[in-house]
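Q: Here it is, the structure, as structure tokens.
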Amino acid sequence: MSQLEKLMRPHMAKIATYHGADPSAELAREAGIKPEDVIRLNANENPYGADDKVSEALTKLDLHLYPDTQQRNLRAGLSEYTGQPVERIIAGAGGDEIIDLLMRLFVERGQKVIDCEPTFGMYGFSARLADAEITSVPRNETWDIDTSAMLEAIDDQTRIVFLASPNNPTGNLLTEPDARALLETGIVVCVDETYYEFAQTSLSHLLEEYENLVILRSFSKWAGIAGLRVGYAIGSEILIGHLMDIKQPYNINIAGEAAVLAALKHRDKLLKRAASLVEQRIRIEELIDGLDGISYYPSKGNFLLCRFERRTAEEAYVRLAKHGIFVRRFPQSVLDHSLRISAGTSEQTDRLIDVLRSVV
Ligand SMILES: Cc1ncc(COP(=O)(O)O)c(C=O)c1O
């Protein structure tokens, strides 16, 4: 350990980098192919890109001005979209920032955070940054959460449980009885609905009953602006008020704000695109039904967790990558034979199916 590292907060010095999706040029270099041949089905991004109206809104910004610390226009737009009062909404630099803010607000060093593996990696990452203890309760064979094991794991040091619905990467939903059972414990329950616009189902009606519920959403996937980093949370007035107090004052930049307002204005078109990605996911499912050696887990998101019967995930990944198709692999042993494939355009699905035939 270097002298400088000895000065660091010990838990911070030990944090391992979070590896997100690499840029296409890097993927191409690794696979020995041309960057223009890369098909990105690895980050649940929107293959249609941002809408023209959204891009147009970004050409008329007063870049020399600071954004509004109170996010007034943005929260008003989100309030109209969600039907929730402004006081119950906060925007973050992606859902990722909201996860981090929840840790800052609720979790002290050594306290406990619970998630359900396999799931989105940022819950564990942010918990480690907070020097919290992360308990990952395994999901069952249909990827449903094990509520009784979770209730057992919750103790007086437990502060937050994170539950994605649809869950990434498994694609299944959190049921209302399971959510209620956890909410009844009184700890903070973050229901992460990043893929809401694809699943078209929400537990937000429970906000009326539980002040310890936080619903997380994002503009990265359905609205196609992952690069601008905007997500939001809906929760009780008291919880959101405190999150507003502790956030970085200018956490949403003016490009993000303008893009979200334009996306909301043109939401019909964007929601149709989201629906077409669901259609592509269903096409992938139907095509996989006709192939031997590969199966999938039912999904409500814009992605599908596929299981290779005769190949390891790593073998399948490498073969797909050679053909320019990049998907997501996972370190957990329970996913040794599984890869997550994002729904793409119809041409990308055609190509995917051709390649899958030879890979399985
Ligand atoms: C379940 C889940 N939650 C949150 C996020 C974070 O999304 P963003 O920070 O882009 O809003 C993702 C991104 O992949 C996700 O899959």
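Q: Which members of the stretch 313-360 meet the condition of being in contact (Cβ under 8 Å) with a residue 60 or more places away in the chain, of a type in the set (D, E, K, R) and in a helix (DSSP H, G or I)?
A: Passing the criteria: Lys322, Arg351, Arg357.
Q: Looking at Glu80, Glu108, Glu56, Glu87, which is the one that is more than 15 Å from the ligand (Cβ to nearest atom), charged (D, E, K, R), touching a Leu at 6+ places or on another chain (Cβ under 8 Å) and outside the structural domain of Arg329 (by TED's automatic domain parsing)?
A: Answer to the selection: Glu80.
Q: Still on this structure, I have one more. Return the residues of the stretch 286-312 that are surrounded by 15 or more Cβ atoms within 10 Å (Cβ to Cβ) and either in the same structural domain as Pro118 (by TED's automatic domain parsing) or in a helix (DSSP H, G or I) (or both); say none if nothing qualifies.
A: Leu287, Ile288
Q: Where residues in the stretch 177-227 are on the phi > 0 side of the Ramachandran plot and not polar (S, T, N, Q), which of them is nearest to the ligand (Cβ to nearest atom)?
A: Gly224
Matching residues to (1) in contact with a Leu (Cβ under 9 Å, 6 or more places away or on another chain); (2) farther than 30 Å from Ile282 by Cβ; (3) surrounded by fewer than 17 Cβ atoms within 10 Å (Cβ to Cβ); (4) charged (D, E, K, R):
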| residue | (1), (2), (3), (4) |
| --- | --- |
| Ser148 | no, yes, yes, no |
| Ile154 | yes, yes, no, no |
| Ile160 | yes, yes, no, no |
| Asn167 | yes, no, no, no |
| Thr170 | yes, no, no, no |
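Q: Can you tell me which residue among Tyr317, Tyr297 is touching a Phe, Trp or Tyr at 6+ places or on another chain (Cβ under 8 Å) and of a type in the set (Phe, Trp, Tyr)?
A: Result: Tyr297 is the single residue among Tyr317, Tyr297 that is touching a Phe, Trp or Tyr at 6+ places or on another chain (Cβ under 8 Å) and of a type in the set (Phe, Trp, Tyr).
Q: Let me ask another. Where the second residue is crowded, with 17+ Cβ neighbours inside 10 Å and the first is of a type in the set (S, T, N, Q) and lies in the stretch 282-296, which pairs have Cβ atoms under 9 Å and are six or more apart or on separate chains?
A: Listed by first residue and then by second, the contacts come to Ser295/Ile288; Ser295/Cys306; Ser295/Arg307; Ser295/Phe308.
Q: Out of curiosity, is Glu279 outside the structural domain of Val86 (by TED's automatic domain parsing) and modelled with pLDDT of 95 or more?
A: Here the answer is yes, as Glu279 does meet what is asked.
Q: From Gly20, Gly83, Gly77, Gly92, which residue is loosely packed, with under 13 Cβ neighbours inside 10 Å and either modelled with pLDDT of 95 or more or of a type in the set (Ser, Thr, Tyr) (or both)?
A: Gly83
Q: Another one. All but one of (1) small (Gly, Ala, Ser); (2) touching a strand residue (DSSP E or B) at 6+ places or on another chain (Cβ under 8 Å); (3) more than 26 Å from Arg273 (Cβ to Cβ) hold for Ala43, so report the exception by its number.
A: Exception for Ala43: condition (3).
Q: Which of the residues spanning the stretch 223-257 are farther than 27 Å from Arg159 by Cβ and touching a Leu at 6+ places or on another chain (Cβ under 6 Å)?
A: Ala223, Ile254, Ala255, Gly256, Glu257
Q: Something else now. Quick check: anything in the stretch 166-174 out of contact with any Lys or Arg (no Cβ under 9 Å at 6 or more places or on another chain), modelled with pLDDT of 95 or more and more than 30 Å from Ser276 (Cβ to Cβ)?
A: no
Q: Give the residue that is farthest from His242 (Cα to Cα), with candidates limited to residues of the stretch 84-104 that are in contact (Cβ under 8 Å) with a residue 40 or more places away in the chain and out of contact with any strand residue (DSSP E or B) (no Cβ under 9 Å at 6 or more places or on another chain). Lay out the reasoning, then the answer.
A: Filtering the stretch 84-104 down to residues in contact (Cβ under 8 Å) with a residue 40 or more places away in the chain leaves 84-85, 87-99, 101-104.
Right, trim to out of contact with any strand residue (DSSP E or B) (no Cβ under 9 Å at 6 or more places or on another chain) and you get 85, 87, 104.
Values: Pro85: 16, Glu87: 11, Arg104: 11 Å.
Filtering the stretch 84-104 for residues that are in contact (Cβ under 8 Å) with a residue 40 or more places away in the chain and out of contact with any strand residue (DSSP E or B) (no Cβ under 9 Å at 6 or more places or on another chain), the one farthest from His242 (Cα to Cα) comes out as Pro85.
Q: Right, another one. Can you tell me which residue in the stretch 109-121 is surrounded by the most Cβ atoms within 10 Å (Cβ to Cβ), limited to those that are out of contact with any strand residue (DSSP E or B) (no Cβ under 8 Å at 6 or more places or on another chain) and not small (Gly, Ala, Ser)?
A: Of everything passing the filter in the stretch 109-121, Pro118 is surrounded by the most Cβ atoms within 10 Å (Cβ to Cβ).
The values are calculated or read from the model by the stated rules, or taken from the named source; none is laboratory data. Worth saying up front: this structure is predicted, and the values here are computed from it rather than measured. Every residue, glycine as well, gets a Cβ built from its backbone with ideal geometry; the counts of neighbours run over all protein chains shown.
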